[in-house]
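**Q** Quick one: the structure is below, questions incoming.
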Amino acid sequence: MDGTNLPETATITLDVNGVDHEITVDTRSSLLDVLREHLDLIGAKKGCDHGQCGACTVLVDGRRINACLQLAVALHGSSITTVEGLADGDGLHPIQRAFIEHDAFQCGYCTPGQLCSAVGVLAEAAAGWPSVVTQDLSATPALDGDEIRERMSGNLCRCGAYVNIVAAIGEVAE
């Protein structure tokens, strides 16, 4: 073997949940695979591996992304928050508490992505970003049921816990 078929690697630095990690990765590796296989952060799930289900949703520099679609090397120097990083020590993030109170999960497979996406939704609305269903584009969007459903539409739940998910996000939005 002459080595021409060996994968290219790169050493990158990622701030994951407040901790800097310098890791050498295959340049073809998705962020999801790096999180799960190199950093042992298994909260984000590989559902469809095509960016259609949202089970792999994480926050990159405060914005939500599908980690299965993002190459890790493109995120060198980025700050990443996974579901493992939402809590503040032993204190749950308000969205985590609301999901528990509203029974907004069933099997739990989609829950990490739902939680990260919900945190992103709250930040987007607070920043004044409109969605397709936002009525008043000059005001901060009110996170009513229609807004929440539209903004969370990229996160699928096979168990159908949507009513409770919307209620949990709505409670935190208030």
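The values are calculated or read from the model by the stated rules, or taken from the named source; none is laboratory data. In this text the structure is predicted, and so the values were computed from the model without any measurement. Virtual Cβ from ideal backbone geometry, glycine too; neighbours counted across all protein chains shown.
**Q** Return the residues of the stretch 48-79 that are at positive phi and surrounded by 14 or more Cβ atoms within 10 Å (Cβ to Cβ); say none if nothing qualifies. Give the derivation first.
**A** Within the stretch 48-79, the subset at positive phi is 49, 51, 54, 61-62, 77.
Those that are at positive phi and surrounded by 14 or more Cβ atoms within 10 Å (Cβ to Cβ): 49, 51, 54.
**Q** For the stretch 133-165, name all the residues that are more than 17 Å from residue 57 (Cα to Cα) and among the hydrophobic types (A, V, I, L, M, F, W, C).
**A** 133, 137, 139, 142, 143, 159, 161, 163
**Q** Checking the structure you have, find out if any residue of the stretch 18-32 is under 27 Å from residue 158 (Cβ atoms), surrounded by 22 or more Cβ atoms within 10 Å (Cβ to Cβ), among the aliphatic types (A, V, I, L, M) and without any contact (Cβ under 8 Å) to a residue 40 or more places away in the chain.
**A** Checked against the condition, which is being under 27 Å from residue 158 (Cβ atoms), surrounded by 22 or more Cβ atoms within 10 Å (Cβ to Cβ), among the aliphatic types (A, V, I, L, M) and without any contact (Cβ under 8 Å) to a residue 40 or more places away in the chain, the stretch 18-32 yields at least one hit.
**Q** Would you point out the residue of the stretch 54-90, among those that are acidic (Asp, Glu) and either modelled with pLDDT under 95 or under 24 Å from residue 27 (Cβ atoms) (or both), that is nearest to the chain's Cα centre (by Cα)? Break it down stepwise before answering.
**A** Filtering the stretch 54-90 down to residues acidic (Asp, Glu) leaves 61, 84, 88, 90.
Then drop every residue that is not either modelled with pLDDT under 95 or under 24 Å from residue 27 (Cβ atoms) (or both), which leaves 61, 88, 90.
Values: 61: 11, 88: 17, 90: 20 Å.
Looking at residues that are acidic (Asp, Glu) and either modelled with pLDDT under 95 or under 24 Å from residue 27 (Cβ atoms) (or both), I get 61.
**Q** If we keep just the residues of the stretch 129-153 that are at pLDDT below 95 and small (Gly, Ala, Ser), which is surrounded by the fewest Cβ atoms within 10 Å (Cβ to Cβ)?
**A** Filtering the stretch 129-153 for residues that are at pLDDT below 95 and small (Gly, Ala, Ser), the one surrounded by the fewest Cβ atoms within 10 Å (Cβ to Cβ) comes out as 138.
**Q** When the residues of the stretch 154-174 are filtered to those that are out of contact with any helix residue (DSSP H, G or I) (no Cβ under 8 Å at 6 or more places or on another chain) and surrounded by fewer than 16 Cβ atoms within 10 Å (Cβ to Cβ), which remaining residue is nearest to residue 104 (Cα to Cα)?
**A** Applying the filter and picking the extreme gives 163.
**Q** Does the stretch 29-40 include one or more residues that are closer than 29 Å to residue 7 by Cβ and either hydroxyl-bearing (Ser, Thr, Tyr) or assigned by TED's automatic domain parsing to the domain that holds residue 151 (or both)?
**A** yes
**Q** Using the structure shown, decide if residue 153 is in contact with a strand residue (DSSP E or B) (Cβ under 7 Å, 6 or more places away or on another chain), of a type outside the set (A, V, I, L, M, F, W, C) and not assigned by TED's automatic domain parsing to the domain that holds residue 16.
**A** No: the conditions fail for residue 153.
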